[in-house]
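Each remark here refers to the structure printed beneath this line.
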Amino acid sequence: MRIRCPYCGERSNDEFYVLGDADALTARPSGENAEAFHEYVYQRTNLAGLHRELWYHSNGCRRWLVVTRDTRTHEISDVTYASKRGEGEAA
Amino acid sequence: MSSAGRLPTGGRIDRARPIKFSFDGRSMSGFAGDTLASALIANGVSLVGRSFKYHRPRGILSAGSEEPNALVEMRAGARREPNTRATSVELFDGLQAQSQNRWPSLGFDILALNGLVGGFLSAGFYYKTFMWPAAFWEKVYEPLIRRAAGLGRSAGAEDPDHYEKSHAHCDVLVIGGGPAGLMAALTAARSGARVILADEDFLPGGRLNAERQEIDGAAGSIWAATVAAELSSMPNVRLMRRTTVFGVYDGSTYAALERVNDHVAVPPPFQPRQRMWRIYARRSILAAGALERPLVFANNDRPGVMLAGAVRSYINRFAVTPGQRLAVFTCCDDGWQAAIDAAAAGISIEAVIDSRAEASPALGGELGKRDVRIFRGAEVIRAVGSRGLQAIEVRDASGRISSILCDALAMSGGWSPITHLTSHLGGRPVWNESLPAFVPGTLPSGMSVVGAANGAMALARSLAGGRDAGASAARDFGRSASDAPLPKADDEPATVRALWHVSGGRGPAFVDFQNDVTAKDVGLASREGYRSVELLKRYTTLGMATDQGKTSNVNGLAILASELAQPIATVGTTLNRPPFTPVSIGALAGHHRGKDFRATRLSPLHEWAKTHGAVFIESGAWLRASWFPRPGEKDWLESASREVRAVRSAVGLTDVSTLGKIDIQGPDAGTLLDRVYCNTFSTLAVGKARYGVMLREDGFVMDDGTTSRLATDHFVMTTTTANAVGIMRHLEFCHQGLWPGLDVQMTSISEQWAQMAIAGPKSRETLARIVDRQHDISDAAFPYLTAREITILGGTRARLFRISYSGELAYELAVPAGVGNAVAAAIMEAGTDLGIQPYGLEAMGIMRIEKGHVAGSEINGQTTARDLGLGKMMSKKKDYIGRVLAERPALAAPDRWGLVGLKPVDWTTRIRAGAHLIPIGAATTTANDLGYVTSVAFSPSLERWIGLGLISGGASKHGTRVRLVDLLRGSDIEAEVCDPVFYDPKGERLHG
């Protein structure tokens, strides 16, 4: 499989580490609700189709990427940074 | 001996270059340009091997990589290689080949008796015959079957050759160097596109080298050579001969095996035997050609029965003939060509049998004038002869059976496109009734298929298809392909009417030659309910041999379809998986074998440790100094104990460079650390170090280490050696994925800094001798947990941390990796009169157990901070990863397994990690299991065996006694549960 890293260009998937569902993993709950954390840590949808997932370019730029991959064909339709540094949540 | 042999003229062989080789110890000779198969035929060999299951005599069926029969052992000694297709082996001087699966000899094989009791070994025999008693399977039946049914023998010794892996990128990958592939490559290449043409043969041209067809009025082989020469001369083209594209993978990635030195006896120095290619191609053009189908009739496996196209290859390309009296059996026009070519080479044609009553009278051309017997609407029902063909029985249109003497039979059941690579990503071939054959269905992204692989069997159509695909690929890259005129070639449509099975002959009619599957087996499977192609395949093993059923699949499923009275399109076909042809494990491994399986990491202090005679141990990818033996010491324990005593009484130096080190900078660095550690770091004063524990989000401990603050916005984190990579990734995830708004940057500095611990009551005195005078490291100026950037040895940058793992007054000193060895040597010299000694991983491990520090055995992914006695570190004032789920009731239950110390009641008794904790007097059962021993050591300081363990109830069990039961090693030792800090429990020594 080949992943087009927005920073490094197209690279072999050997260079990457995959973590899983990007939307689920980055939606960390705030507060004390154990149920919400249970959902966050353990519950995942195993879907057949377009999946947004987190890949880490460990042997490259070390950026976490959101790779949109069709789980049925491994076809990758989109790759973006998981974050744009300096934007988003305030400290 | 048969009448096979070399023709006096012709062929694309170099008669000026004779080549010596041997087969089963017999010296033979051939010519450059021969394959082993053609050279064997030239030497009159027709019996080449014995079949897998029935040990039937077998000859050569094909002239290519689809060969199911002619499998030989190549080479000798450590280079011996079984199951090599003689039809694909390029002849070389000194080649040694042996026939296989025969005993005692190829001519007389005792196990050929299997052939006489064939009914016993029919479809599904594994499942039916050896059901009972179950114990017999492993001990009796399987070894028996394995010995009786088999292929070649592996070398049984390490392969002395090297294998390489390479990567290549191109615009267009053309797979197959026949007419369609050459035309496609030429068109794309002339447009300027970067082209790779991979062809499994050593001579480009495909069928053009095997046929007498003309292109532009000259021999097709000449056109092929001209095109190949032009391609070779172009800088944007890589023409890869002897290279099989064997797999298609996601993202337009193709795997290919280049047989760099399979055509020489021993690879030249520093050259690989084979090279594995990973090819990234924006477009691919599959021009793999087609495979001829055998005809299925009784004894169709007799040596001398050969595919018609193979007969033409041997006659036209190699100038050898499988016999002097040839018969042809065909159900298509194409088969007749074998008779025409053979006749032109002066071989006697005994008969042409065409199963089609309507076969055109024009077929065969001049043959009629030569007094050749021609049968239309007739079938060969049986081959006669055992070790070589002697005659065939023909049933003519009126049903009359006659016998025709011949020593070779060319058969053609029509051609099937090679769709294998189109299926590797799941594409299912579709049935084309007019061919009749399966043609490519859904294609891998970026692939197009041309020529015979796409069902275009006529030469002119192949060339046109190749040109169009090459031009189309070029246009995809914005290049314009010039409109070079299409070469002129034959465009005769060839007709075919399928003939799947000829019944009525006595003897097995083979469908799968390599796995000995007959038409009867297919029928039996169908009657027993195995009616899908997948089940048929598994039940009969049809198509499961090393040839993946290249010559058998279509015949097999066509026979199944006829048994089921269903159209072939409904029955469908199984999908092919990589590899297209067998690939040696050596090629897949490349250089990654033995010690080179993965990289070995050496610490920047490796040379220092080596100088002091360290014994190294593999720890992950690292080589770490384990202990430093001295003369007279009898084992590691004696050495490590001496090192511990040196540290506890004087001073020692050890290498801790393998710890993960992460530099974290930015205004929000403290905030990030607060969120990833369960304890607080934002309050840490500049110039201070603090021990930290990280949890996973599920509440269990992930890692621990010391993090120091060098400036308000600058921290240096250490992680455990094993988790160095994972923690870096985790921090980046936390930052980029969870809190991208934090203004913080981090980078791994594990490789940039050499780090050593200087530990013991005399460590300060030692260090003071190398630290530059302006830096005061007295206890008052540099108390416990101080962390500062200093200089040593007259200006060398260093970072000094007053932290202790050993429990003694101790420091860790980090210096740039390049000066690590020199600094360590300087410290050793400075401490000589103070009794400094190097110490290793074993001594470090003993001292951490004496101090009750947790390590990988305790931070095992199943323990919480509370379990490890670190619960007080969990901040209540801030959010951090793992905080909420760590509070789940079960993770705070009082009976959870918690960390304790363990002391055998008899202090001399050695205890072992892994022993389970069982109450005194209770049965040794899982139900009574209280926990287990995680780490043990002989403590030189306490002069007794001690251990750490996890026990239900944790600290509440202090003072009680348990049994340490190790059923694997047969020990049962009584021990007292105690506090895990065995040595200096008040921690006074590290403040010294």
Quiz prompt | Cα-centre dipole for region B:661-748 with unit charges at Cβ (Lys and Arg positive, Asp and Glu negative), debye to 20 | solution = 240
Practice problem: Can you tell me the 0 to 90 degree angle between the C-alpha axis of helix B:553-564 and the longest principal axis of chain B, rounded to 10? | Solution: 70
Practice problem: With θ set to phi - 60°, apply the Karplus curve 6.51 cos²θ - 1.76 cosθ + 1.60 along region B:653-665 and write out the HN-Hα couplings as whole Hz, x wherever there is a Gly or Pro. | Solution: 10, 9, 8, 10, 5, 6, 4, x, 10, 10, 8, 10, 10
Quiz item: Taking the Cα-to-Cβ direction at B:Ser348 and at B:Ser402 and moving 7 Å from each Cα, how far apart do the two end points lie in nm?
Solution: 1.6
Quiz item: Between A:Tyr17 and B:His592, what is the FRET efficiency for a Förster distance of 22 Å, r being their Cβ-Cβ separation, to the nearest 0.05?
Solution: 0.65
Quiz prompt | Cysteines without a disulfide-compatible partner [chain A; Cβ-Cβ under 4.7 Å] | solution = A:Cys61
Exercise. Mind pulling the angle between the C-alpha long axis of helix B:459-476 and the longest principal axis of chain B? Nearest 10 degrees, somewhere in 0 to 90.
Key: 30
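Do any trypsin sites (Lys or Arg not before Pro) in region B:894-934 lie in a DSSP loop with no more than 16 other beta carbon atoms within 10 Å, and if so, which? Walk me through the numbers before you get to the answer.
Details: sites: B:Arg896, B:Arg910, B:Arg912; in loops: B:Arg896, B:Arg910, B:Arg912.
Passing sites in region B:894-934 are B:Arg910, B:Arg912.
So which chymotrypsin sites (Phe, Trp or Tyr not before Pro) in region B:869-958 are both in a DSSP loop and have at most 16 other Cβ atoms within 10 Å of their Cβ? It would help to have the intermediate numbers written out before the result.
Details: sites: B:Tyr880, B:Trp897, B:Trp907, B:Tyr932, B:Phe938, B:Trp945; in loops: B:Tyr880, B:Trp907.
Of the chymotrypsin sites (Phe, Trp or Tyr not before Pro), the ones in loops of region B:869-958 whose Cβ has at most 16 other Cβ atoms within 10 Å are B:Trp907.
Ranked by Cβ crowding within 10 angstrom, fewest neighbours first, how are B:Thr573, B:Thr600 ordered? Show your work: numbers first, answer last.
On the way: B:Thr573 25, B:Thr600 12.
Final ranking by Cβ density, sparse to dense: B:Thr600, B:Thr573.
At a 10 Å Cβ-Cβ cut-off, how would you order B:Glu158, B:Glu974, B:Glu697, fewest neighbours first?
On the way: B:Glu158 10, B:Glu974 13, B:Glu697 20.
Ordered from fewest to most neighbouring Cβ atoms within 10 Å, B:Glu158, B:Glu974, B:Glu697 come out as B:Glu158, B:Glu974, B:Glu697.
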Self-check item: Whole-Hz ³J(HN,Hα) from phi, Karplus 6.51 cos²θ - 1.76 cosθ + 1.60, for region B:85-92, glycine and proline x
Solution: 6, 4, 6, 10, 7, 7, 5, 9
Quiz item: What's the angle, to the nearest 10 degrees (0 to 90), between helix B:179-190's Cα axis and the longest principal axis of chain B?
Solution: 60
Quiz item: Given labels modelled 7 Å from the Cα in the Cβ direction, how far is it in nm from A:His38 to B:Glu528?
Solution: 5.1
Quiz item: Relative contact order (percent) for region B:536-602, with alpha-carbon contacts under 8 angstrom and 6 or more residues of separation?
Solution: 22
Practice problem: Go ahead and estimate [θ] at 222 nm for chain B from helices alone: -39,500 (n - 2.57) per DSSP H run with n ≥ 4, summed, over the residue count, rounded to 500. | Solution: -5500 deg cm²/dmol
Quiz item: So how do B:Glu765, B:Glu90, B:Glu618 line up by other beta-carbon neighbours within 10 Å, fewest first?
Solution: B:Glu618, B:Glu765, B:Glu90
Quiz prompt | trypsin sites (Lys or Arg not before Pro) restricted to region B:328-382 and DSSP loop, no more than 16 other C-beta within 10 Å | solution = none
Practice problem: Under 13 Å Cα to Cα from B:Lys878, which aspartates and glutamates show up? Leave out anything in the same chain fewer than 8 places away. | Solution: A:Glu32, B:Asp674
Quiz item: Residue-wise, which Karplus ³J(HN,Hα) couplings in Hz belong to region A:28-45, taking 6.51 cos²θ - 1.76 cosθ + 1.60, θ = phi - 60°, and x for glycine or proline?
Solution: 5, x, 10, x, 10, 5, 5, 4, 5, 5, 4, 4, 5, 7, 10, 8, 9, 8
Self-check item: Label-point gap, in nm, between B:Ala822 and B:Trp636 - each point 7 angstrom along Cα→Cβ
Solution: 3.4
Quiz item: Share of antiparallel DSSP beta bridges in the protein assembly as shown, in percent to the nearest 5?
Solution: 75
Quiz item: Which entries of B:Lys661/B:Lys688; B:Lys876/B:Lys957; B:Lys903/B:Lys957; B:Lys688/B:Lys762 show an alpha-carbon separation above 20 angstrom in the structure shown?
Solution: B:Lys876/B:Lys957; B:Lys688/B:Lys762
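Give me the dipole magnitude in Debye, nearest 20, for chain B about the Cα centre, with unit charges on the beta carbon: positive for Lys and Arg, negative for Asp and Glu. Working shown, then result.
Values: 109 positive and 100 negative charges, 158 e Å.
So the dipole magnitude of chain B works out to roughly 760 debye.
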Quiz item: For region B:748-809 and region B:47-73, what is the separation of their C-alpha centers, rounded to whole Å?
Solution: 74
Exercise. For B:Lys369, list the aspartates and glutamates whose Cα falls under 16 Å from its own Cα; do not include residues on the same chain fewer than 8 positions away.
Key: B:Asp341, B:Glu350
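Given Cβ point charges of +1 (Lys, Arg) and -1 (Asp, Glu) and nothing else, what value in debye, to the nearest 20, does the dipole of the protein assembly as shown about its Cα centre take? Mind showing how you got there, number by number?
Working: 121 positive and 114 negative charges, 232 e Å.
The calculated dipole for the protein assembly as shown is roughly 1120 debye.
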Quiz item: What aspartates and glutamates sit close enough to B:Lys20 to cross-link, taking a C-alpha to C-alpha distance under 15 Å and skipping anything fewer than 8 places away on the same chain?
Solution: B:Asp34, B:Glu90, B:Asp93
Practice problem: Search the structure for amide H atoms under 5 Å from the amide H of B:Arg944, placed 1.01 Å from N in the peptide plane, and list their residues when 5 or more places away or on another chain. | Solution: B:Ser939
Exercise. Report the FRET efficiency, 1/(1 + (r/R0)^6), for B:Ser232 and B:Thr600, where r is their Cβ-Cβ distance and R0 is 45 Å, rounded to 0.05.
Key: 0.65
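Read-outs: derived from the displayed coordinates by stated rules, not from any lab. Predicted model, so just to flag it, every value in this text is computed and none were measured. Note that each Cβ is placed from the backbone with ideal geometry, even for glycine, and that neighbours are counted across all protein chains shown.
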